[in-house]
Every structure is written in structure tokens, then in C-alpha cells.
Amino acid sequence: MSTQQPLIIIGNGMVGHHLVEQLIERGAHRRYAITVFGEERHLAYDRVHLSEYFAGRDAESLALSTADYYAEHGIELRLDEAVIAINRDTGEVVTPRGRYPYHRLVLATGSTPFVPPIPGNDREGCLVYRTLDDLDAIRATAENAATGVVVGGGLLGLEAANALRGLDLDTAVVEFAPRLMPMQVDAEGGELLREKIEALGVQVLTERATQRIEDGEAGRHRMVFQDDKVLEADLIVFSAGIRPRDALARGSALEIGERGGVVIDDRCLTSDPAILAVGEVALWNNSIFGLVAPGYQMARAAADTLMADALDRAPETFGGADMSTKLKLLGVDVGAIGDAHGTQHPGARMFRYLDQIKQEYRKLVVSGDGKRLLGAMLVGDNGYYDTLMQYYAGGIELPQDPAALILPSSDGAPALGPDALPDSAMICSCHNVTKGDVCASIDAGACDLATVKDSTRASTGCGGCAALLKSVVDHELESRGVEVDRSLCEHFAHTRQELYDIVRVEGIKTFGELMEKHGNPETHRLGCDICKPAVASILASCFNEPITDAAHIPLQDTNDTFMANMQKNGTYSVVPRIAGGEITPDKLVVLGQVAQKYELYTKVTGGQRIDLFGARLEDLPAIWGELIEAGFETGHAYGKSLRTVKSCVGSTWCRYGVDDSVGMAIRLEHRYKGLRSPHKIKLAVSGCTRECAEAQSKDIGVIATEHGWNLYVCGNGGMRPRHAELFATDLDDEALIRTIDRVLMFYVRTADRLQRTSVWRENLEGGLDYLKAVILEDSLGIGEELERQMQAVVDTYACEWANAIQDPEKLKRFRSFVNDSRPDPDIIMTSERGQLRPA
Amino acid sequence: MTTATALKHETEMTWQALCRRADLVPFSGVAAWIETAEGPAQVALFYLPCDPATTGGPNTPQPGHEQTLYALDNHDPFSGANVIARGIVGDLQGDPVVASPLYKQHFRLTDGQCLEDDAVKLRTWAVRLDGERVLIQA
Ligand SMILES: Cc1cc2nc3c(=O)[nH]c(=O)nc-3n(C[C@H](O)[C@H](O)[C@H](O)COP(=O)(O)OP(=O)(O)OC[C@H]3O[C@@H](n4cnc5c(N)ncnc54)[C@H](O)[C@@H]3O)c2cc1C
Ligand code: SF4
Ligand code: SF4
Ligand code: FES
């Protein structure tokens, strides 16, 4: 449309993208011809969760949107094209590829990490931590590095330090100030933080000013400090604060703050009313806001400014933002609310609590009359954050004795429930969602957390509000009498987890008994293909009776019934166990002979074993008779149970191997074989970090280290790949097995039906930290019980096929027809590449 | 007229002995081979005893499935394989059903109707127990 005026947005970062969304919401794409320039190759992505890139997330999953979204709304997205100048006289921006006229212009160029002007700061291997490309560079450099240093001990510096540690570098943090995170914590908090971080093996050097960086001896670089002390490292990451990227604005003589930043007013207008600025490049009231939530607020205000005359309400303005933050850095909780140092309010009073044993520190800053919370500081436990934040943000009057709010587990502490919040309470500051908005969305029909998130977008920004949002949603749903239906199926008004507990606690051993006591009497109580296999699995996990016993056989899926995998023409595939992928030549010969005799198509599986296809129902017992005779046992390829433990050859053969991966794989496979679980489970063991067994794509991955075994959990290949997460390091054999016992049993106990460990883990409230607390610190006090349950399964293991072929009653089902001995005449095979396959 | 046709049809069918009760698997299925006027057929037989002594199933008979034996096509129209007898038996929305073991569609045991696809219906046969003998009308 020729009447559309050109609107140019420079920068496709988090705030620039949010601005686009806000503009679309207001229909601005119909009024303006919008062009977005992005210097990075990538579409706007979630910088807040950038570090997850190292934990396995890729650029695509971090992306905030898609190119299609831009195209659909007629917005031109020019990535990998940086604006190099603004010409305000002609109303154009200039890029290396051309000149583009604008009617309105928005600067959303963000900031860059500050690299102190130290001689040598541009040496190869001196990097920053801001973009995906930065992370690629760090990863590449780390490949050939043993040590890493982060310059800067603030929020981002510690995040970078954690990343270096994750890349297996010996890591140190160098901070100019006398303590870590000087913005967020005071001397005492900083000291505690240092202790905690040093305990993780990260060296902390404070009050160090780097004078120069030169060639090192032990490492590639040597940093020389003011007192001539030195520190050597192979890789250096600068993270000494941020600097607004205001060069374009300077070049076009817009008003700039004394210490940088494009000056904006409440409407996000710069000194040139045709030009706006938002995000970390913008300076409001002499402050830069280095968090995403204030940036999003600016984006909303800017969108309103650009569409002011089309709004049917007063335009939103930007009036500053709260910089309260709650973080977990290197596994250490740090929280800062409002005036955490108590320096902005003369007459303010403080409460402080320090526990040097548990390493927790908390501080309250309250008004002179003791009625209002002005600020707070937390180190070691952020559990106090939400309640304090509500007092602070809601201006709620403090209780008689405010100290109770930071004392540990003082029963008197009035934890503010979600009902105490006023409707105006801000739940999600990223997306400006109040408690009232949440209630409105529930009243409009949202009946679970996911729908509320979808419709309000709450908790889809920095994620800091997730716990608060959930508690508000739960509370509101409950108060409206909504009961979320989590029934397994029409026969049981229980979740799998509840049924598991019922079976255990009441010692119920058959489906019939469970149905009689807990089934829905409105049905015929026959069960169905949802609840029967689920209950069969629970019974097997708990009591491990043979699945082909008369009481259990009607519950089984056909694969379990016939202990083989049904293929598309009704024949079965047979997979004997080959623990760890190790097989003697003699046994290999037997597999070949059996396959020849019964004309089975033979293929090697991804789990390092051999799959024999095309077995007829009536041949299964004979096939297994021969296999058992030769020393094979069932491979449970048909069951929701442990499948394989894949391994590399490890230290026995491989010149890099540091431990016997095959031996450990065989030990694990024999321990967990036969374990029935909510879904199949795959393990792998690698003999060194080269990871030839691909253990990090498994439910349980084990990798040998110089000092033992590293354990990874909840990975997945398949349809939705997920990298396993590092769970524990340098375990000895016994500790490894104990830990796996606990993780697997906890999964068996608490997962939903047909939920792989990856999805289970993603839905686990409290995430990996919670899982670690339960398993490694035994926070629920169930550790030994889980181990006992696993031991019971191990002790009751028996090969299901060996059990079945001794029992004529069980074998009578292995006939195509009960009244006729002929095989199914409709199964027709043809040959291809020298083997049979279904015609 | 309609009654007459129906009657005539019925008289043409005869009860044949198919197998023994011991060949059946309670609360599950087996397959049998029959010769009919239209040629041979594979039949899936499902046995839902209401006998409290039977293990493995719910013991209280519910109104609606006093019948204990059902016979359906063993041929699964969705996969083309003869596998219906190997599906899981259950009840859905008030009807006893079997789920195909390959692609999991449900078929009503009483009339063979597929619950997921109105256009698909399995053949059914009348079956009954006569002492220890299983009889089918075909
Ligand atoms: C590791 C890390 C962790 C963080 N954690 C948190 C957190 O937990 N909570 C929180 O609130 N905030 C966090 N932040 C800060 C948050 O990411 C920023 O506040 C937010 O990204 C700012 O958005 P922005 O759009 O202003 O800048 P950016 O996201 O940096 O986007 C600016 C974009 O503009 C592009 N650009 C610059 N100049 C030009 C040009 N001339 N032409 C074209 N394009 C240009 C840049 O390449 C960039 O892509 C974190 C930041 C990092 C790096
Ligand atoms: S993971 Fe290590 S030990 Fe195993 S095969 Fe690969 S290089 Fe060798
Ligand atoms: S990838 Fe698809 S076709 Fe291949 S085995 Fe798995 S399910 Fe079958
Ligand atoms: S506060 Fe950032 S997502 Fe809600």
C-alpha cells in the first residue's frame, strides 16, 4: 500500500522483537511499512536463557519467533544486515547494502559487554558472552583449553563462569570490586557468595585490576595485576558490565547520556521526535535497564507512542522499572529486591540474618516506621523471595515483627498466600500481567496453567515469575471449584502415580482387585487398552510376577503377551539380550543358525543387538527353546522396560579409554533388565569423554572420567531429542549404581503413563535441582526405600521366556488357530537382498 | 415379510462345534478357523466370563455384558493383518470392545462396529457355550 509510511526498527534482539509483536497487536503493520534490521545472523532469540545453548539447546529452540511470523504480517526482516549510519537530514538509514528511507525510526540495538581497555584485550582467545556466535567462539576455543578466566564478577560474569566450568575448564573469576556481585549484595553477602562459589572449585579473585595481558607459559595468556601478581589461562571472557550500543545515535547527534545511552522520555522518544529508542540502548532518567522486563515495558510504551492516535485508551508510558532480581548462579541462589543496600532511603532500618553453617544470608530494609518493605537481599535461599516481593511491590503492611520474614522456618512467618494479593499485583513484569489479568483469563475459560500462559503470555519472558504464576493459577482454579481431570481413563479417576501408590500401600496384586476397590463402578470394569497395560506395568514394577501369569495376561499389550514385537503383517520380531553389545562368536553363530532355520530376516539394531524379523506366532516357542538352550535370555524389546545398555569398547581396547565401559554396561544391563517402567529406558556407557556410545542421548548416560564416572540423566533420541543433563560427577562404581537405582525408581514411581524420562524431567516441578535434591541429598527421605525397591526387582528377575516355555498352559496361546494347526495362510513373504520380507 | 426372511436365514445357519472352553483365554482373545458357506474365515473369539471364580478379571458382572462369548473377524481392515484376536479387551462408553494391536482402533464386540470410523464394521457370528464345547453359528 502506497499510503503506508516506512517504519524502521534497528536491532532484532529481545526488545526489538517484542516491539514488533506489540505493533502487530495494535495493527501497526497495516499503517506502517515495517522493516527490521538485525546485525546477527539469527532471528531474535532468548538471550536470557543463552547459557542453555551449552546445555544442549540449539538456536532454533531459543528463537522467539519464526521468519514466517514476520512474513505473514508483511514485515520485512533483514538479518545479517547492520545499519551503519542514520542520516536525519534525508530521513534514511544506511547499511552496506543500501539506503532505506524512514518516517519513524526505533533504535533497539541493545548493548555490548564492556571490555576494559587493557593492553592485550584483543588477543586471540579473549572473548565476550552475549550472542550465539560468542558462545560458538567460546566453545571452539575451549576445545583446546584447560583453563579459563572471567573478568567481571557480576551477574553475567558468574553466568559465564558457570558456562566455562561446564566446558570442563579450570575456572577463575577476577573482580575489580572488593566482592562478587557488588550491585546486588553487600560485603557480608558477597563473602558468603565467594565461599559457596569457591566450594564449587571456581577460584575467586577480588580487588584485582588487570594491567595487561601477554603471552603466558602454563597457559596461552598471562594476566598481570596491579600488584604484579599474575594469573594464566587459555581463554579469557570479558564480562565487566554492559555498554549501550549508542554509536548510531552519537553519529547522528541525538542526545546521549554522560556515560552513554540514548536519552528517552516517558514515551520512549529521543531528542528527535521521529526517532525512538527501547531496551538496553535507552537511557531513562539517567538509568540504563539491563533486564528484559523493563525493556518489554519500553516496547509497549513505544508501540503505544507510534500508534497513539489509533488507541481507544491513554497510551502507556514508561515510568522506570523495578530492578529486583532472583537468580541462581553456579547453583547459588541470589536475590535482590528494591533498595537492597538501603542507601536510597535515609532513615531506613535493617534486619539481617546470617547462618554460616548453612551458608545463608538475608537482609531486610524497612521504612523508619517499620511498616513498609523497601528492599531485601538474599543469598543461599530464594525461597523467601516471592513473599518478600509481594510485600515490596504490593506495598503491603509488614507484620509486627518483620524479622520473622527472614528467620528460618519460623511458623509465625505470615507467608502471603496468593489470595492476599490485590488484583493489581504484578505477577509477570515481562508481559505486564497482573493478578487481575490472570483471573480474567480463567474467567474467560482458561482451565489450566498452560492455557493461562498462552492467553496472557505470563511467564514466557524471563521465567522469573513461574512459581508465583502457578500458585496464583492453582489457587484461583481451586477457589472456582475447578478440579482438573487427571484421570487415567474412564475406569480409574486416578493418575498413574496415584495408582502406583495405591498398589504399593494396599499391596494390591491383581488388576481385578484394583478395579474392584478403586475402579469406576459406572463402567463394565473390564478396563481398556489404556489402563490395563499401565496397571500391568505398575504391578510388574512393584511385585515382578511373570507377566504371562493367568492373572496378568489379559492386561498385556500383544507384544508383552507373546513376548515379541508384532510387525505390520502380524508376524513378530525376536530380540535376545546381548548385554552391553558384547557377544561371543559361538552365540553369534547360534543366532545365525536360528535365523536360517526359521527363515528370519536379520538386522542389527541401534542398541547393539540383533533383531530377527518375521517369526510366526506358532514358531516363537521353538525359536526361544533353541535360543535359551544356547544361553540367551529375553531382551525385553517388546516391553516398556529397560532395553539396552550401549557401550563403546572402552579402556580394554581403546587407546583413549580411561575405564572399562563394556564391563560397566554389562553390569548395569544385568542389574536393570526386566525393570518395568512407564516407558522404555535406554542406557549407555562411554569409556571417555569422546563419548562414542552417545550416552548423552540416553535416559541414563554414564561417561568414564579420570576419577570415576559422570552420570547424565533424562536424555532422549527419537522423535524429540533431548540432551541428557549432567547429574553427578566422579562417582565410584557403587555410588553410580546407587544413584541410578534411585533415579530410575523415582521415575517409575512418579512418571505418567508412557512418559519418557525426558518429558518426565521437563514436567518435574523444580526441575533438575529438585531431582538432585531428592536423589543426591535425599530431601524426601525416600532414598533408601527407592534402593530397596530396586533391589527387590533385581532379586526377583527371571527370564520371561524361560518361565513361559516350561508351562504348557502358557504355550497354548502360541497357535494361529485354536482348532487348526495350519499357519496363517495370509502371511506372504517375498525375498529382497537375499532375505525374506513381507510381500 | 421381514420376519419370514430373517427366519429363513436363521434356519440355514447351523451351530458347529468350534473348540473347547479350555482353549479360550479369560478376558482375552484367541483365533479359530471356520468354513462358512462363503468360504473359510478367521474368527477372533473373546471370552469374558462372569464367573466369580475366574481369576484375572473384575468379578462382578455388570449389566450389559452378561454374554460371555463374542466372535468377530480376525482380519484387521486397517493393517490387513489377521490380528484382532491378539488385541486388548476392555469396555468403552458402556460397550465391551477390543483394540487392534497394530493401530489401536476399537471394535465393539457386540456388533463389530469400529468406534473411530463409522464406515468400518467387522463381521460377527453368534457363539455360545454348550458345556465345555464352544459352538458357532455359521
Ligand atoms: C548471558 C545473559 C544472561 C542474561 N540473563 C538475564 C536474566 O536472567 N534476566 C533478565 O531480565 N535479563 C537477562 N539478561 C539481559 C537481557 O538479555 C537483555 O536485557 C535483553 O536482551 C535486552 O534486549 P535488547 O533488545 O535491548 O538487546 P539485545 O537483545 O542485545 O538485542 C539487540 C540486537 O540489536 C542488534 N544490533 C545492534 N546494533 C545494530 C545495528 N547497527 N544494526 C542492526 N542490528 C543491530 C544486535 O546484534 C542485537 O541482536 C541476560 C543477558 C545475557 C547476555
Ligand atoms: S568413548 Fe573414549 S574410550 Fe570409548 S571408544 Fe570412544 S574414545 Fe574410546
Ligand atoms: S523410525 Fe518409524 S519406520 Fe523406522 S522403526 Fe521407527 S517407527 Fe518404524
Ligand atoms: S516476569 Fe519475566 S516472564 Fe514473567
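No value in this document is a laboratory result; all are computed from the given coordinates. It should be emphasised that the depicted structure is a prediction, and the values quoted were computed from it without experimental measurement. Note that each Cβ is placed from the backbone with ideal geometry, even for glycine, and that neighbours are counted across all protein chains shown.
Hey, for a label at A:Ala550 modelled as a point 7 Å past Cα toward Cβ, could you say which residues of segment A:797-828 have their backbone N under 11 Å away?
Residues A:809-810 qualify, since their backbone N sits under 11 Å from the label point.
Between A:Asp228 and A:Ala274, what FRET efficiency comes out of the Förster formula 1/(1 + (r/R0)^6) with R0 = 56 Å and r the beta carbon distance, rounded to 0.05?
0.55
What does the extension gain come out to for A:Thr830 and A:Lys328, with contour length at 0.36 nm per residue minus their alpha carbon separation?
Net length gain for the segment: 174.6 nm.
Any idea what the relative contact order of segment A:244-344 is, in percent, if you count C-alpha pairs under 8 Å spaced at least 6 apart?
Reported as a whole number, the value is 19 percent.
Relative contact order (percent) for segment A:21-116, with alpha-carbon contacts under 8 angstrom and 6 or more residues of separation?
26
Can you give the helix-only mean residue ellipticity at 222 nm for chain A, where every DSSP H stretch with n ≥ 4 adds -39500 (n - 2.57) and the sum goes over all residues, rounded to the nearest 500 deg cm²/dmol?
The helix contribution divided over chain A gives -9000 deg cm²/dmol.
Pull up all non-local amide H partners of A:Ser459: gap of 5 or more, or a different chain, and H-to-H distance under 5 Å with H placed in the peptide plane.
Here A:His431 satisfy the definition.
If you stretched the chain out fully between A:Thr343 and A:Gln4, how much longer would it get, using 0.36 nm times the residue separation minus the C-alpha to C-alpha distance?
Full-extension gain reported as 117.0 nm.
A:Ile357 to A:Ala420: FRET efficiency via 1/(1 + (r/R0)^6), r the Cβ-Cβ distance, R0 22 Å, to the nearest 0.05?
Efficiency, rounded to the nearest 0.05: 0.10.
So what are the ³J(HN,Hα) numbers for segment A:156-162, from phi and the Karplus equation (6.51, -1.76, 1.60; θ = phi - 60°), rounded to whole Hz, Gly and Pro as x?
6, x, 5, 5, 5, 4, 4
What distance in nm separates the simple spin-label points at B:Gln93 and B:Arg20, each placed 7 Å from Cα in the Cβ direction?
4.1
Nothing charged except the Cβ atoms of Lys and Arg (+1) and of Asp and Glu (-1): what's the magnitude of the dipole of the protein assembly as shown about its Cα centre? Round to the nearest 20 debye.
1120
Which of the peptides A:511-517, A:121-127 is most tightly packed, and how do the rest follow, going by the mean number of other Cβ atoms within 10 Å of each residue?
Highest to lowest by the protection proxy: A:511-517, A:121-127.
Rounded to the nearest 0.05, what FRET efficiency do A:Glu777 and B:Arg128 have when you use their Cβ-Cβ distance and R0 = 56 Å?
So, using R0 = 56 Å, E works out to roughly 0.35.
With a cut-off of 17 Å, note down the residues of segment A:733-764 whose backbone N falls inside the zone around a label point 7 Å from the Cα of A:Gln791 toward its beta carbon.
A:734-746
Filter the chymotrypsin sites (Phe, Trp or Tyr not before Pro) in segment A:295-353 down to the DSSP loop ones having no more than 13 other Cβ atoms within 10 Å, then list what survives.
Qualifying residues, ordered by number: none.
Multiply the residue gap between A:Asp448 and A:Gln593 by 0.36 nm, knock off their C-alpha separation, and tell me the result in nm, one decimal place.
That pair, A:Asp448 and A:Gln593, stretches by 46.5 nm at full extension.
What list of ³J(HN,Hα) couplings, whole Hz, do you get for segment B:38-43 from phi and the Karplus terms 6.51, -1.76, 1.60, once you set θ to phi - 60° and write x for glycine and proline?
Taking θ as phi minus 60°, the curve returns 8, x, x, 8, 9, 10 Hz for segment B:38-43.
Under a plain spin-label model, where a point goes 7 Å from the Cα along Cα-to-Cβ, how far apart in nm are A:Glu706 and A:Ala308?
6.5
Antiparallel DSSP bridges in segment A:115-240: what percent, to the nearest 5?
In segment A:115-240, DSSP labels about 40 percent of beta bridges as antiparallel.
Measuring from centroid to centroid over Cα atoms, what is the spacing of segment B:93-138 and segment A:256-315 in Å?
Cα centroid of segment B:93-138 versus Cα centroid of segment A:256-315: 69 Å apart.
How many nm is it between the label spots at A:Glu207 and A:Glu25, if each spot is 7 Å from the Cα in line with the beta carbon?
4.9
So what is the relative contact order for segment A:562-795, in percent, with contacts set as C-alpha pairs under 8 Å and at least six apart?
Contact order relative to length: 13 percent.
If the reach is capped at under 16 angstrom between alpha carbons, list the aspartates and glutamates near A:Lys517, excluding any in the same chain fewer than eight residues apart.
A:Lys517 reaches A:Glu490, A:Glu498, A:Asp501, A:Glu506.
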